[in-house]
Amino acid sequence: MRCRTPSPGAATGTARLDELHAHARTAGEQLGVGLRQYADALDAGDAVALQAAVGAIQAAVAERDEWVRQVTALQGELATP
């Protein structure tokens, strides 16, 4: 595989990796918080807290989706000769 010269203004490999890891960590943390809030809201029978928990879970899913988008883009770049 041949190494390509990054375009001007492109993030370094280390910066991109750090960003990918940050998205993965954030998604995992948000999902853990959201699921805990969801379980607590179910136990308490609190509909308002349940909606807030759903929002936290949706934020985690959006963060995970961004991570997937970035990983997919990176895989495409690596496959390009």
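Here are the numbers for the structure shown:
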read-out	value
Qualifying residues in the range 27-38 (those that are surrounded by 17 or more Cβ atoms within 10 Å (Cβ to Cβ) and not polar (S, T, N, Q)) - the one farthest from the chain's Cα centre (by Cα)	Y38
Count of residues meeting criterion [of a type in the set (A, V, I, L, M, F, W, C) and under 10 Å from the mean Cα position of the chain (by Cα)] in the range 39-78	6
Qualifying residue in the range 4-14 (condition: in a helix (DSSP H, G or I) and at pLDDT below 95)	yes
Single condition V48 does not satisfy, out of (1) modelled with pLDDT under 95; (2) loosely packed, with under 12 Cβ neighbours inside 10 Å; (3) part of a helix (DSSP H, G or I)	(1)
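One line per residue, one yes/no per condition, for (1) assigned to a helix (DSSP H, G or I); (2) open to solvent by 40 Å² or more (accessible area, probe 1.4 Å):
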| site | (1), (2) |
| --- | --- |
| H21 | yes, yes |
| R25 | yes, yes |
| D40 | yes, yes |
| D43 | yes, yes |
| A53 | yes, no |
| Q58 | yes, yes |
| R64 | yes, yes |
| Q70 | yes, no |
| P81 | no, yes |
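The values are calculated or read from the model by the stated rules, or taken from the named source; none is laboratory data. For clarity, every value in this text was computed on a predicted model and none was experimentally measured. Here the Cβ is made from the backbone with ideal geometry for all residues, glycine too, and neighbour counts use every protein chain on show. Each accessible area value is taken on the protein alone, full model and side chains, heavy atoms only, with ligands, DNA and RNA left out. Shrake-Rupley method; radii C 1.70, N 1.55, O 1.52, S 1.80 Å.
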